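Structure, as structure tokens:
Readers should treat all values here as calculations from the given coordinates under stated rules, not as data from a laboratory. None of these values were measured; they are calculated from a predicted model. In this analysis, Cβ positions are derived from the backbone assuming ideal geometry, glycine residues included, and neighbour counts consider all displayed protein chains.
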Amino acid sequence: MTNPLLSMPKITKLLPCPFCGHKPVVQRCGSIAEPKLLVGCRNQMCFVSPMVVGCTAREVSADWNQRVKK
């Protein structure tokens, strides 16, 4: 079994930040007992700096890519 903190899972498609359009970053966080992934905007000019945290690549990519439909 692969430890998720040691290998970065592949996230195929992430939309840009909904507030500034910057490319999001993916980071590992959490602990060995409770590994997590974080997707967020690291653009210093983005005053919102949104981020989502989840347990799986599928979860964080779905949460990050969710947008309000107009």
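Below are the figures for this structure:
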| quantity | calculated |
| --- | --- |
| Matching residues in the range 4-30 - criterion: being exposed (fewer than 11 other Cβ atoms within 10 Å of the Cβ) and either in contact (Cβ under 8 Å) with a residue 12 or more places away in the chain or touching a helix residue (DSSP H, G or I) at 6+ places or on another chain (Cβ under 6 Å) (or both) | Lys10, Thr12, Lys13 |
| Residue match in the range 39-51 (condition: closer than 15 Å to Ile11 by Cα and polar (S, T, N, Q)) | no |
| Residues that are surrounded by 11 or more Cβ atoms within 10 Å (Cβ to Cβ) and farther than 13 Å from Val26 by Cα, drawn from the range 44-61 | Cys46, Val48, Ser49 |
| Pair list, Cβ under 9 Å, 6 or more apart: the range 32-52 residue on the phi < 0 side of the Ramachandran plot, other residue loosely packed, with under 10 Cβ neighbours inside 10 Å and in a loop (DSSP other than H, G, I, E, B) | Ile32/Asn3; Pro35/Asn3 |
